[in-house]
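A.B. asks: Got a structure here, written out as structure tokens. Questions coming.
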Amino acid sequence: MPNVTVDKERPHVAVIRLNRPERLNAMSIDLCLELKAALEQTAHDNDCRIVVLTGAGRAFCSGLDLKDHSVIPNIDGLTIPRIGPRAIRIYSQVIPIMRHIPQPIIAAVNGPAYGGGMCLTLGADLRIASESAVFNATGIVNGLTSTELGASWLLPRLVGAAHSNDMLLTGRRIDAPEALRMGLVSRIVPDDQILECALEIAAGMCQFSPYGVQMTKQVVWANLENTSLAAAIELEDRNQIMLGMTDNLPEAITAFDQGRKPVYTDEPRRGVYNSR
């Protein structure tokens, strides 16, 4: 049985599901390798516009599988000090891949999201929580550090340093209502509606320009690292001009006048290059 599945449950929407429910979808080496492959495969699926990431069963992801006995691939001839960095990157490099795939990722957090599982939610572009969702920085509880998989960079940018430090240093559990209050998630839905809600959000996003959605994701992430307002606006200006050169805006105006929904094709604007 695969540790990660990919299904098209709605047009243009891929559901990537962590599939180790008997282990609360804990992060084994094999699961992380399969998740990386699933993300890279989906990134090249030109029909896919939005990704929903969720877990099978009653948990999103319980973090590192402390009982995982998988073998790290391609370590023949390496010494222990060289194996360590290669092993940790099997886990940590999933987050940059989530960032760099063109499709926005909606994390449908169905139950516990602990340790690395919480970090997976941080790497998503949107987070919605079921009523039973619980977030926890588990590393410090297990004698390690809570600063893993980008958490020390991502979490304070989402909820601020005060909330971030409280979570990372104390290891306390954050339930769905508190996660909503601090801005870790954007909405809470009943447990039995979490996937359907994520799919509805994805379907709504699919009505927009695929190019516009993709460019919005890229700029939002890029400007998280940008320390200059002027540079941020320069990047926004260029992307807006690029979208403005398509036929999308005229289509939006025409659709409004005709009382219908616009159909965006991202085709070059007709007549824009005509000479006077």
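A.B. asks: When the helix-only estimate is applied to the chain (DSSP H runs of n ≥ 4, each -39,500 (n - 2.57), divided by the residue count), what is the mean residue ellipticity at 222 nm, nearest 500 deg cm²/dmol?
C.D. replies: One gets -13500 deg cm²/dmol as the mean residue ellipticity at 222 nm.
A.B. asks: Sorting check: for 104-114, 62-72, which peptide has the highest mean count of neighbouring beta carbons within 10 Å, and how do the rest follow?
C.D. replies: Descending packing order for the listed peptides: 104-114, 62-72.
A.B. asks: With every atom except the alpha carbons ignored, what do you get for Rg and Dmax of the chain, in angstroms?
C.D. replies: 20.4, 71
A.B. asks: Separate question: Please give the peptides 14-20, 1-7 ranked by average Cβ packing (other Cβ atoms within 10 Å per residue), highest first, as a rough proxy for protection.
C.D. replies: In decreasing order of mean packing, 14-20, 1-7 become 14-20, 1-7.
A.B. asks: FRET efficiency for MET242 and LYS8, Cβ-Cβ distance as r, R0 = 35 Å, nearest 0.05?
C.D. replies: Using R0 = 35 Å, I get an efficiency of 0.80.
A.B. asks: Another question, then. Enter the Cα centre distance for the pair the range 195-231 and the range 74-93, rounded to the nearest angstrom.
C.D. replies: Taking the Cα centre of each part, the range 195-231 and the range 74-93 sit 33 Å apart.
A.B. asks: Rounded, prolate or oblate: which one fits the range 34-87, using the alpha carbon gyration tensor with axes a ≥ b ≥ c (rounded when a/c is under 1.5, else prolate when a/b beats b/c, else oblate)?
C.D. replies: Oblate, since a/c reaches 1.5 and b/c is not below a/b.
A.B. asks: Ok, one more. Using alpha carbons only, how many degrees (0 to 90, rounded to 10) separate the axis of helix 161-170 from the longest principal axis of the chain?
C.D. replies: Roughly 20 degrees between the two axes.
A.B. asks: So, one more: By what distance, in whole Å, do the Cα atoms of the range 97-168 stretch along each of the three principal axes, largest value first?
C.D. replies: Result, largest extent first: 35, 26, 21 Å.
A.B. asks: Quick one: helix 194-205 against the long Cα principal axis of the chain, what's the angle to the nearest 10°, folded into 0 to 90?
C.D. replies: Tilt of helix 194-205: around 30 degrees.
A.B. asks: Put a dot 7 Å past each Cα toward the Cβ at VAL141 and VAL263; how far apart are the dots in nm?
C.D. replies: Distance between label points: 5.2 nm.
A.B. asks: Please work out the average accessible area per residue across the chain, using the 1.4 Å probe convention, and give it in Å².
C.D. replies: Accessible surface, normalised per residue, equals 52 Å².
A.B. asks: Given a cut-off of under 8 Å on Cα pairs at least six residues apart, what relative contact order in percent is computed for the chain?
C.D. replies: This gives 15 percent for the chain.
A.B. asks: Rg over Rh of the range 152-242, using C-alpha atoms and the Kirkwood radius, what does it come to?
C.D. replies: Looking at the range 152-242, the ratio lands at 1.05.
A.B. asks: Now a separate question. If the label point is 7 Å along Cα→Cβ of GLN193, which residues in the range 107-137 have backbone nitrogen under 14 Å from it?
C.D. replies: Only 129-132 pass the distance filter.
A.B. asks: Let me ask another. Set the Förster distance to 25 Å, then compute FRET efficiency between ASP45 and PHE208 from the Cβ-Cβ distance, nearest 0.05.
C.D. replies: After rounding, the FRET efficiency stands at 0.90.
A.B. asks: How would the range 43-200 be classified by its alpha-carbon gyration tensor: rounded, prolate or oblate, with rounded meaning a/c under 1.5 and the a/b versus b/c comparison settling the rest?
C.D. replies: In terms of gyration-tensor shape, oblate.
A.B. asks: In debye, nearest 20, what is the charge dipole magnitude of the chain about its Cα centre with +1 on Lys and Arg Cβ and -1 on Asp and Glu Cβ, if you could check?
C.D. replies: So the dipole magnitude of the chain works out to roughly 300 debye.
A.B. asks: Further, regarding this structure: At 7 Å along Cα-to-Cβ for each site, give me the label-to-label distance between ILE72 and ALA222 in nm.
C.D. replies: 3.5
A.B. asks: Roughly to the nearest percent, how much of the accessible area of the range 1-128 is carbon and sulfur, given a 1.4 Å probe?
C.D. replies: Summing carbon and sulfur atoms, their accessible area is 55 percent of the total for the range 1-128.
The values are calculated or read from the model by the stated rules, or taken from the named source; none is laboratory data. This is a predicted model, so every value here is computed, not measured. Here the Cβ is made from the backbone with ideal geometry for all residues, glycine too, and neighbour counts use every protein chain on show. Accessible surface areas use protein heavy atoms only, side chains included; no ligands, DNA or RNA. Shrake-Rupley method; radii C 1.70, N 1.55, O 1.52, S 1.80 Å.
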